[in-house]
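The values are calculated or read from the model by the stated rules, or taken from the named source; none is laboratory data. Values in this document were obtained by computation on a predicted structure and should not be read as measured data. Neighbour counts run over all protein chains shown; Cβ positions are idealised from the backbone, glycine included. These area figures cover heavy atoms from the full protein model, side chains too; ligands, DNA and RNA do not enter into them. Shrake-Rupley method; radii C 1.70, N 1.55, O 1.52, S 1.80 Å.
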2 protein chains.
Amino acid sequence: MKTIQVVKNILDVNDRIARENRKLFDEKNIYVFNLMSSPGAGKTTLVERTIEALRDRFRIAVIEGDIQDTFDADRVARHGIPVVQINTGGACHIDGNMIREALPALDLDETDLLICENVGNLVCPAEFRIGENAKVMVLSTPEGSDKPAKYPLMFQESSAMIINKTDLLPYVDFDMEKARKDALTLNPKLEIFPVSCKTGEGLHGWTRWIGMQADAFRNA
Amino acid sequence: MKTIQVVKNILDVNDRIARENRKLFDEKNIYVFNLMSSPGAGKTTLVERTIEALRDRFRIAVIEGDIQDTFDADRVARHGIPVVQINTGGACHIDGNMIREALPALDLDETDLLICENVGNLVCPAEFRIGENAKVMVLSTPEGSDKPAKYPLMFQESSAMIINKTDLLPYVDFDMEKARKDALTLNPKLEIFPVSCKTGEGLHGWTRWIGMQADAFRNA
């Protein structure tokens, strides 16, 4: 019981910091999404495709969360977008405080849309708010269509699920209808976008939706 | 600093319980490996293939760790092998105490080889000992060859790495030499087995090695 109490305290402190981040984002009129998935599902490639599609409509900045190193931030920086790397030093998720510490490195007055890419992990990141408007998750087809039933929290917490690597569907055992059905059972409001970041197929549906979400928030 | 202290205490308690589990496995002459990977890398299929290859040489039992439900245990049980399901109830890894609680459901006097399949997570399970002889990890080719560099701890802690889904190599960007080189830089003693659990390619190398490890321990 002691352990559970400690975890609850950590989550309470995190929620308070996340609310403070949110207040700052509201003042600066910045739409923020928190991008989560298993390792290798394609988060960074999705960030790159999203930048390409929306950079003419929004001033975009990116915070990259990784255990160590700057591989993902280097990829994003090549697009000429402001990017900050958080190294968690072993921790399995980013939290509100890490985002708060990263923000002074960005010019928030010159940012409309902030993308926060989490550490690759289908479990822990779903528990930690960072002050985002929406959580967005990526499930890739090689992971299998049983993942909503096995790792429910992230599917419950997310506003949108991108099913990436549809180009691999002929070569993997992935039941699209089962994945959709199981995810919607957990979360009937979940928006689902099957895409291939490699071929570009389906990306328009995702970028149109997230662009509309950002516009609706910023013009409210 | 408070948080770090708490985590250290949890790990200390876990290490003590893991040593007690190990003592019991030694008395019963049971070789135990702890199987870890990202979600969907193919752990359960590897368990099934390993059972098929080694069931005539060893009396095998399996402990399945999942956040909820019994999907993986149901798959293993079809092979007529004793299997126990641990549901972590949200937790992102199995630990020494969960294994201890599961053991009374197995007949340890009738077990030579115990396979413990962890929760799908490339980060947290590497921190928690369970009393195993060896940690074994699976990296699947669709996850990408950058994973050793990005998630180093599991590669450092493991005795063997299975590179699964080699059947997908023509369709994914996976640099086998980079994955090998980066993993061996982190852990020069790591044994590496490229396999396809789907086609069976390469599995013999893995099952021969783990069989030899189990024999060497049990006959010592």
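See the values below:
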| read-out | value |
| --- | --- |
| Average other protein chain Cβ within 10 Å of Cβ, residues B:36-45 | 6 |
| Whole-percent carbon and sulfur share, accessible surface of the protein assembly as shown, 1.4 Å | 50 |
| For chain B, the longest site-free run once trypsin sites (Lys or Arg not before Pro) in DSSP loop states with at most 16 other Cβ atoms within 10 Å are removed | B:79-188 |
| Å² per residue, accessible surface of segment B:1-151 at 1.4 Å | 38 |
| Heavy-atom accessible area, 1.4 Å probe, ligands and nucleic acids excluded: residues of segment A:142-175 down by at least 40 Å² from chain alone | A:P142, A:A149, A:K150, A:Y151, A:L168, A:Y171 |
| Positive-end extreme of charge dipole, chain B - chosen from B:T207, B:G65, B:N87 (charges on Cβ) | B:T207 |
| Helix-derived mean residue ellipticity, 222 nm - over chain B, DSSP H n ≥ 4, -39500 (n - 2.57), to 500 | -12500 deg cm²/dmol |
| Residue-level accessible surface for B:V83, protein heavy atoms, 1.4 Å, Å² | 40 |
| A:C197 - accessible surface, heavy atoms, 1.4 Å probe, Å² rounded to 10 | 10 |
| Eligible lysines near B:K178 by straight Cα distance, threshold 16 Å, same-chain separation 8 or greater | B:K147, B:K150 |
| Magnitude of the charge dipole, chain B, Cβ model with Lys/Arg +1 and Asp/Glu -1, debye to 20 | 460 |
| Residues in segment A:46-79 that, when all protein chains are in place, have 20 Å² or more less accessible area than the chain alone would give (probe 1.4 Å) | A:D66, A:I67, A:Q68, A:F71, A:D72 |
| Label-to-label distance, nm, for residues given as B:L169 and A:N87 (7 Å Cα→Cβ offset) | 3.3 |
| Accessible area that becomes buried as B packs against A, both chains, 1.4 Å probe, Å², nearest 100 | 2700 |
| Simple spin-label estimate for B:R59 and B:R75 in nanometres, 7 Å along Cα-Cβ | 2.7 |
| Dipole moment magnitude, nearest 20 debye, segment B:1-81 about Cα centre, only Lys, Arg, Asp, Glu C-beta charged | 280 |
| Distance between segment A:78-104 and segment A:121-182 - C-alpha centres, whole angstrom | 22 |
